[in-house]
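The values are calculated or read from the model by the stated rules, or taken from the named source; none is laboratory data. Values in this document were obtained by computation on a predicted structure and should not be read as measured data. Ideal geometry is used to build each Cβ from the backbone, glycine not excepted, and the neighbour counts take in all protein chains shown. For accessibility, only protein heavy atoms count, side chains too; no ligands or nucleic acids. Shrake-Rupley method; radii C 1.70, N 1.55, O 1.52, S 1.80 Å.
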Amino acid sequence: MIGGLTFDLPMSSLLPLIPVCLILEGQARADRLAERVAVRAVDRWDAGFMALCVLTGILAAAGVAIADAGTAATAMARDFTGYLGLALVLRWLGGARLASVATAVFPFFCVSFGLVHNRPGIWAWPLHDANSVAAAAQALLLLTVGGATLLLPPLRRQGDSDDE
């Protein structure tokens, strides 16, 4: 059916999904009304926590690269950054449940539809080499756009209510 073409999805492309989904789940369980009227700016704390997670991943990847211990950490930091940005955009568009599911399915979508002659397409950034500048740029762009959605009010969807 697929003509004998296969492409391995490395574990380093899947592991960053765990903290991204945990971050989304933790934020989705919050009482939105209470957070809106809280004395502390909870949304800023959330944004700071996510920025700290990205920075920690990048610093860990840099440390591993300096130690010349392989490129898996670089790919994981890039993928975490991209998945988090994608999840933030999807959360703003469709809610936390959609964001979690779609982000978790994205690497499998890349493997299924992002290969051209057994090479990753330009948009399938999780499948690129760890040192791919284009993949890193896409992940950073996703994080930038996702971070910008934190400044926007959530989209009103059918079935949303103010007392959630």
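Below, the figures for the structure above:
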| read-out | value |
| --- | --- |
| Any hit, segment 100-116, residues being assigned to a loop (DSSP other than H, G, I, E, B) and open to solvent by 70 Å² or more (accessible area, probe 1.4 Å) | no |
| Of all residues making up segment 69-82, the number that are open to solvent by 40 Å² or more (accessible area, probe 1.4 Å) and either aromatic (Phe, Trp, Tyr) or in contact (Cβ under 8 Å) with a residue 12 or more places away in the chain (or both) | 4 |
| Number of the exception - TRP123 against (1) part of a loop (DSSP other than H, G, I, E, B); (2) touching a residue at least 24 places away in the same chain (Cβ under 8 Å) | (2) |
| Residues of segment 1-60 classified as modelled with pLDDT of 80 or more and either open to solvent by 60 Å² or more (accessible area, probe 1.4 Å) or over 30 Å from PHE113 (Cβ atoms) (or both), total | 19 |
| Residue that is open to solvent by less than 50 Å² (accessible area, probe 1.4 Å), over 20 Å from MET11 (Cβ atoms) and hydrophobic (A, V, I, L, M, F, W, C), where the choices are LEU143, LEU127, LEU150, LEU155 | LEU143 |
| Test result for ALA135, over 26 Å from ARG29 (Cβ atoms) and not polar (S, T, N, Q) | yes |
| Qualifying position, being in contact with a Pro (Cβ under 6 Å, 6 or more places away or on another chain), farther than 30 Å from ASP31 by Cβ and free of Cβ contacts under 8 Å to residues at least 60 places away in the same chain, among HIS128, HIS117 | HIS128 |
| Count - residues of segment 134-152 that are hydroxyl-bearing (Ser, Thr, Tyr) and in contact (Cβ under 8 Å) with a residue 60 or more places away in the chain | 1 |
| Pairs with Cβ under 9 Å, 6+ apart, first in segment 56-68 and within 13 Å of ASN131 (Cα to Cα), second part of a helix (DSSP H, G or I) and open to solvent by 60 Å² or more (accessible area, probe 1.4 Å) | ALA61/MET76 |
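Condition check ((1) small (Gly, Ala, Ser); (2) under 13 Å from the mean Cα position of the chain (by Cα); (3) at pLDDT 90 or above) across all residues:
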| residue | (1), (2), (3) |
| --- | --- |
| LEU84 | no, yes, yes |
| VAL89 | no, yes, yes |
| ALA102 | yes, yes, yes |
| PRO107 | no, yes, yes |
| SER112 | yes, no, no |
| ASN118 | no, no, no |
| PRO126 | no, yes, yes |
| VAL133 | no, no, yes |
